[in-house]
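Note sheet for the following structure.
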Amino acid sequence: NAGVTQTPKFQVLKTGQSMTLQCAQDMNHNSMYWYRQDPGMGLRLIYYSASEGTTDKGEVPNGYNVSRLNKREFSLRLESAAPSQTSVYFCASTNPLGLATRVYEQYFGPGTRLTVT
Amino acid sequence: QQQVKQSPQSLIVQKGGIPIINCAYENTAFDYFPWYQQFPGKGPALLIAIRPDVSEKKEGRFTISFNKSAKQFSLHIMDSQPGDSATYFCAASVTDSWGKFQFGAGTQVVVTP
């Protein structure tokens with residue numbers, strides 16, 4: 001199992017350009033997430049998809065859109081990149097560990113380091 | 001505004017020392033508190049987690065202490081090793097919230113030989 005994979009690993013954009021970050025998981029998980037990680041801010045949730053066919057906003061959704069293409073894939077799109085979107089982006093996926101516990105362990109991908117100039 | 005406050009931002013200990021990382025929260029609905037470990041260039045990985053019905057949990061050299069009345073929890077790394085050098089994040093979530101976590105800001109731990 002590859003777990004959670006993300007492409008690309010690195011990207012440099014100019015202000016106003018658009019791009020899509022790709023994420024795929026092979027663990028048959030229902031829920032998927034996009035986070036951004038900035039120094040001193042921890043991980044902040046951008047969007048999540050509780051199950052195939054649904055998406056919802058997280059803490060910092062402005063400037064982003066998402067698509068849950070199928071159960072495996074969840075993409076993040078920046079329509080018009082801004083320098084404030086310079087960050088490391090992580091995709092994660094999860095299933096509840098058990099119906100009794102309803103506890104979630106999130107599995108993270110290796111991240112995409114994005115710089116917007 | 002961060003719902004989970006983590007401190008310190010960084011700390012350096014010698015091999016064998018016990019780094020302690022503290023987290024505090026306000027939302028009393030939180031009922032699951034995991035800690036994640038992140039090495040440079042990698043994604044975070046679950047280290048250990050606790051529910052508020054216990055005050056302490058140990059897994060290997062890692063211990064979580066939980067104080068429900070104070071709304072605080074902490075991670076202790078016993079007999080720390082240079083390989084423990086990483087960034088540690090505390091987090092909190094509410095059961096049935098589709099696995100959405102609130103993460104702390106992170107603590108960079110350096111263990112010197």
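The values are calculated or read from the model by the stated rules, or taken from the named source; none is laboratory data. Worth saying up front: this structure is predicted, and the values here are computed from it rather than measured. Quick reminder, even Gly has a Cβ in these numbers, built from the backbone with ideal geometry, and neighbours come from all protein chains shown. Protein only, heavy atoms only, side chains kept; ligands, DNA and RNA dropped before computing areas. Shrake-Rupley method; radii C 1.70, N 1.55, O 1.52, S 1.80 Å.
Tabulated results
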read-out: Residue under evaluation residue B:68, criteria (1) within 25 Å of residue A:92 (Cα to Cα); (2) out of contact with any strand residue (DSSP E or B) (no Cβ under 7 Å at 6 or more places or on another chain), criterion not met; value: (1)
read-out: Residue ID - most open to solvent (accessible area, probe 1.4 Å), chosen from residues in the stretch B:4-27 that are of a type in the set (S, T, N, Q) and outside any loop (DSSP other than H, G, I, E, B); value: B:14
read-out: Residue match in the stretch B:75-90 (condition: more than 11 Å from chain A (Cβ to nearest Cβ) and touching a His at 6+ places or on another chain (Cβ under 9 Å)); value: no
read-out: Failed item, numbered, when residue A:27 is tested on (1) buried (at least 18 other Cβ atoms within 10 Å of the Cβ); (2) within 14 Å of another protein chain (Cβ to nearest Cβ); (3) out of contact with any Lys or Arg (no Cβ under 8 Å at 6 or more places or on another chain); value: (1)
read-out: Identity of the residue in the stretch A:1-23, open to solvent by less than 60 Å² (accessible area, probe 1.4 Å) and within 10 Å of the chain's Cα centre (by Cα), that ends up farthest from residue A:115 (Cα to Cα); value: A:23
read-out: Segments classed as strands (runs of 3 or more DSSP E), wholly inside the stretch B:28-113, with at least 2 members that are among the aliphatic types (A, V, I, L, M) and either open to solvent by less than 50 Å² (accessible area, probe 1.4 Å) or under 21 Å from residue A:112 (Cα atoms) (or both); value: B:45-50, B:72-77, B:86-92, B:107-112
